[in-house]
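Peer 1: Below you'll find the structure I mean.
Read the figures in this text as sums done on the coordinates, not as results from a lab. The structure presented is a predicted model; accordingly, all values stated were derived computationally and were not measured. As a convention, Cβ positions derive from the backbone with ideal geometry for all residues, glycine included, and neighbour counts pool all protein chains shown.
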Ligand SMILES: Cc1ncc(COP(=O)(O)O)c(C=O)c1O
């Protein structure tokens, strides 16, 4: 624990800002080579220690962060960074986190977060307008795409199986059709919602690794169980394949089936009004025609 007289010193904030600035400069300049990620066993060994018996001076703690945390972190701002899909935070976004931490709002109850709850709703409204959704569109911010998919499919389950909330779901009662190359979080959401991961049925893909709409149609025609949703992917994890959302959307609309789109990678392009016209870039109008709900995941945007 940091001693209260130091922890309560607001001037200590400068030391944190200095550390972040040093990190960003190091990572961007390339004068310091980015650390080669060590084996996870070495990282575990690095942090394998008992809890501190007493508080330590803040500068010692920050030194420790420089010594042990930075070399074991992923240096996303490095110009040669090519690992995984995380975006590089803008400095303004980093500093904004300090305001959120200082305000510590709880969005569980509006009276505990009046301003930030209203701001969230306002931003969702703006995003829905940018996306071309109608006045009934709504949404929420989520911590990541896994939560987005879980929430979207929970809503789809409530629509298709209204009894599920109170009474649960019978095994094999319902299915979800999923892009063959969908992220594993989709099957997890299906499982966590009590539908059974085996009932997340993968639709074969075409030569572009996108869901084959004709195959989807055949599967739906043959299906006798309740179809909770079809999950399309707008930018798949491994190859960045985009499902034909216009075709899939029409198939779902004709049958009254909920279409959920995992847009972890591609959907944010809807909001890049300054640099791309998404509808032209991806050649479809599916988002505007068929989507009504939006869940925003800020972590992943990489286009
Ligand atoms: C297409 C897709 N969907 C969902 C996820 C899960 O995202 P998150 O880690 O934000 O929950 C990922 C992660 O890489 C992804 O690529």
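Peer 1: Take 125, 54 and order them by how many other Cβ atoms sit within 10 Å, fewest up front.
Peer 2: Ascending number of Cβ neighbours within 10 Å: 54, 125.
Peer 1: Assign one of three labels to segment 147-211, namely rounded, prolate or oblate, based on the Cα gyration tensor with a ≥ b ≥ c the square roots of its eigenvalues; rounded applies when a/c is under 1.5, prolate when it is not and a/b is larger than b/c, and oblate otherwise. All intermediate terms of the calculation are to be shown ahead of the outcome.
Peer 2: Working: a/c = 2.43, a/b = 1.97, b/c = 1.24.
Here segment 147-211 falls in the prolate category.
Peer 1: With both bridge residues required to lie in the chain, what share of the DSSP beta bridges run antiparallel, to the nearest 5%?
Peer 2: Roughly 10 percent of the beta bridges in the chain run antiparallel, per DSSP.
Peer 1: So how long is each side of segment 4-103 along the principal axes, counting just the alpha-carbon atoms, biggest first, in Å?
Peer 2: 42, 34, 25 Å, listed from the longest principal axis down.
Peer 1: Describe numerically, in nm with one decimal, the distance between label points set 7 Å from Cα along Cα→Cβ at residue 136 and at residue 12.
Peer 2: Rounded to a tenth, the inter-label distance reads 5.2 nm.
Peer 1: If you don't mind, another one. Neighbouring Cβ atoms within 10 Å as the yardstick, rank 74, 80, 26, 211 fewest first.
Peer 2: Ordered by Cβ neighbours within 10 Å, fewest first: 80, 74, 26, 211.
Peer 1: Which ordering of 153, 112, 245, 19 is given by a fewest-first count of other beta-carbon atoms within 10 Å? Spell out each step's value before the answer.
Peer 2: Values: 153 24, 112 12, 245 27, 19 16.
In order of increasing Cβ crowding within 10 Å: 112, 19, 153, 245.
Peer 1: Kirkwood Rh over Cα pairs of the chain into Stokes-Einstein at 37 °C, 0.692 mPa s: D in µm²/s?
Peer 2: Numbers: Rh = 22.4 Å.
It diffuses with D of about 147 µm²/s by this estimate.
Peer 1: Does anyone have the angle between helix 91-103 and the longest principal axis of the chain? Alpha-carbon axes, 0 to 90°, nearest 10?
Peer 2: 90 degrees
Peer 1: What angle, in degrees between 0 and 90 and rounded to the nearest 10, separates the Cα long axis of helix 213-222 from the longest principal axis of the Cα atoms of the chain?
Peer 2: 60 degrees
Peer 1: Next up: Compute the acute angle (0 to 90°) between the alpha-carbon long axis of helix 145-160 and the principal axis of greatest extent of the alpha-carbon atoms of the chain; round to the nearest 10°.
Peer 2: 30 degrees
Peer 1: Still on this model: Within segment 68-89, list the residues whose amide N lies under 19 Å from a label point set 7 Å along Cα→Cβ of residue 31.
Peer 2: Only 71, 77-80 pass the distance filter.
Peer 1: From the helices alone, meaning DSSP H stretches of at least four residues, give me the mean residue ellipticity at 222 nm for the chain, per-run term -39500 (n - 2.57), in deg cm²/dmol to the nearest 500.
Peer 2: So the helix-based figure for the chain works out to -12000 deg cm²/dmol.
Peer 1: Let me ask something else about it. Quick one: among 265, 183, 14, which has the greatest mean-square fluctuation in a GNM of the chain with alpha-carbon springs under 10 angstrom?
Peer 2: Sorting by GNM fluctuation, first place goes to 14.
Peer 1: Looking only at segment 31-46, which residues have a backbone nitrogen under 16 Å from a spot 7 Å from the Cα of residue 64 in the C-beta direction?
Peer 2: Answer for this model: 44-46.
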